[in-house]
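Here's the structure, in structure tokens; my notes come after.
The values are calculated or read from the model by the stated rules, or taken from the named source; none is laboratory data. Predicted model, so just to flag it, every value in this text is computed and none were measured. Cβ atoms come from the backbone with ideal geometry, glycine included; neighbour counts cover every protein chain shown.
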Amino acid sequence: MKSLSIVAASVMMSVAYAAEVPEVLNYLPQNQFVKGATTVVVPPKELDKYVAIVEKAAQKDPEWFKEHSKKSAPGIPLPYDPKLGLTEEQYKEYLALWEKREFKAVEPVVLQLKEAGKGFWSIVTVGGAHPITTLKYDAAKDVFVSPNGTLERLEDVDADKHSILGAWTGHEWKFSEETSLGSTKENFAIGKTGDGKFGLLVYRMQEVSSEGTRLYDKSLVIRFPMGAAGILKPEELQLQQPRR
């Protein structure tokens, strides 16, 4: 795995002047290298037995389960119902275990918010998060432009503490297109955790054929320390010479 110093040194920074960072992007400092990591959320193993029970209930009555799933937002535990196959005590234990989920770092990344032309901004990423680098924020229109098209602004994020990423707030954009060949969906969000300690970048892109075959599915969650704690120090940016 590459060290952060090597990763950071591979990003070239050229600054002509410092324009004001758009408010929706001010979770990252302009023209600074910020350390972060791609992450996954890992629930406790003990949760698996309850998930298996709920999955069995879903298979038994898929129509009911489909309707019941609409009662909570994606990524949030379903409200209790005896038809889930859990007793009330089991459901309480399920919720308690869900609260013990943890963020696990997968790969270190370096982020840099910079101008990408007059009125445009990009978040340059190195270390496993390339899709985010392809996005360009158009400050005048409040949209992101990707190779697929334009991501339009959605309602601001105000996630519940029970959501898969925990409590967090931020801003989100979405591109959606359907053609005779299939459908493409692309989402990007930026924000911070409820305690204000970490920033978040959330990205997902899906492509599905007209026959329903999933052609592409890429999800990324990047967490980075907010403020000075996330900025790489000069000594961390020095390129380490390989040993001979």
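What to note about this one:
- Residue within the stretch 48-63 that is among the aliphatic types (A, V, I, L, M), under 26 Å from F188 (Cα atoms) and at pLDDT 90 or above present: no
- Once the stretch 134-160 is narrowed to residues that are among the small types (G, A, S) and not in a loop (DSSP other than H, G, I, E, B), the residue that is farthest from L113 (Cα to Cα) is A159.
- Among the conditions (1) farther than 28 Å from E207 by Cβ; (2) under 17 Å from the mean Cα position of the chain (by Cα), V106 misses just one, which is (1).
- The residues listed here are L84, L78; of these, the one that is over 28 Å from the mean Cα position of the chain (by Cα), aliphatic (A, V, I, L, M), assigned by TED's automatic domain parsing to the domain that holds Q59 and under 30 Å from Q59 (Cα atoms) is L84.
- Any hit, the stretch 139-153, residues being among the polar types (S, T, N, Q) and in contact with a Lys or Arg (Cβ under 7 Å, 6 or more places away or on another chain): no
- Checked against the criterion of being modelled with pLDDT of 60 or more, on the phi > 0 side of the Ramachandran plot and not hydroxyl-bearing (S, T, Y), the candidates N26, N31 yield just one match: N31.
- For the stretch 126-153, a residue qualifies if it is within 30 Å of K100 (Cβ to Cβ) and either modelled with pLDDT of 95 or more or among the hydroxyl-bearing types (S, T, Y) (or both), and exactly one does: I132.
- Within the stretch 190-232, restricting attention to residues that are among the charged types (D, E, K, R) and surrounded by 12 or more Cβ atoms within 10 Å (Cβ to Cβ), the residue that is modelled with the lowest pLDDT is K218.
- Residue within the stretch 166-188 that is buried (at least 18 other Cβ atoms within 10 Å of the Cβ) and in a loop (DSSP other than H, G, I, E, B) present: yes
- K92, sole failed condition from (1) without any contact (Cβ under 8 Å) to a residue 12 or more places away in the chain; (2) closer than 25 Å to G191 by Cα: (2)
- Hey, G117 at positive phi and exposed (fewer than 14 other Cβ atoms within 10 Å of the Cβ) or not: yes
- The condition of being within 26 Å of D158 (Cβ to Cβ) and in a helix (DSSP H, G or I) holds for only one of Y94, Y27, that being Y94.
- Residue selected from the stretch 27-48 under the condition of a type in the set (D, E, K, R) and either in contact with a helix residue (DSSP H, G or I) (Cβ under 6 Å, 6 or more places away or on another chain) or crowded, with 21+ Cβ neighbours inside 10 Å (or both), by the criterion farthest from W98 (Cα to Cα): K35
- L181 being more than 23 Å from M226 (Cβ to Cβ) and not charged (D, E, K, R): yes
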